[in-house]
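Working notes, beginning with the structure itself.
Quick note: the coordinates plus some simple rules give every number you see, no bench work behind them. Since the model is a prediction, treat every value here as computed from it, not as a measurement. Glycine gets a Cβ as well: all are built from the backbone with ideal geometry, and neighbour counts include every protein chain shown.
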């Protein structure tokens, strides 16, 4: 009964590089969410995906950020041309999509931009 | 209108005492209110959740009180223990389900002294 798995746990990038964050949801979960947490702050919603579909991307910056949840494989959050302000913890959550089933979170990827 | 305001930012209680954390919201469409506990380096873990059709829900030492007219809800931790020391987040969701975009409060750092 593996929970939400995120990798890498820590990622260091230089300004201008690309960052790819991976999330494998709980087995059987078809809904994936990405949140960002800045130091000393709460989690901010970024994007909500179902298999092969983006349901809600209202929290996603318009540029440089993209997310996908393909039919096979993990969900990917991609940040192009990273800047110092992208440094944060990025959390993925998953749920089965049924009304009374909560979102389960992974332990996050800590992204540091040099 | 999408905000959830959480207080206090930090809280120190003695072992055996009661910890109380409060949240307020504006969006009347919110109808699912979970509380999450987060330890350093870990992802948030669901503690307890409530829907507005009840005014109180209790699970073990954790109780949520909900005041729909005031648009406020609170977490009470009875008989607080040092192991409860963590950051607590309230959250809210709209749409009658527990999936979709969660809006988080800013978090409360709880320290329980032995």
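Details
- Rough spin-label spacing in nm, given labels placed 7 Å along Cα→Cβ, for residue A:114 and residue B:67: 5.2 nm
- Distance-filtered residues of the range B:3-18 - backbone nitrogen under 19 Å, label point 7 angstrom along residue B:58 Cα→Cβ: B:16-18
- Mean-square fluctuations from a GNM of chain B, with a 10 angstrom spring cutoff on Cα atoms, peak among B:16, B:41, B:100 at B:41.
- Potential extension, residue A:63-residue A:87 segment - 0.36 nm per residue separation minus Cα distance: 7.0 nm
- Highest average packing first - A:42-53, B:61-72, B:42-53, Cβ atoms within 10 Å: A:42-53, B:42-53, B:61-72
- Length-normalised contact order for chain B - Cα pairs under 8 Å, 6+ apart - percent: 37 percent
- Inter-chain shielding of B:33-39 (mean C-beta neighbours from other protein chains, 10 Å cut-off): 2
- Shielding value for B:44-50 is 3, the average number of Cβ atoms from other chains within 10 Å of each residue's Cβ.
- Sequence-separation-based contact order of the range B:26-88, relative, with Cα cut under 8 Å and 6+ spacing, percent: 28 percent
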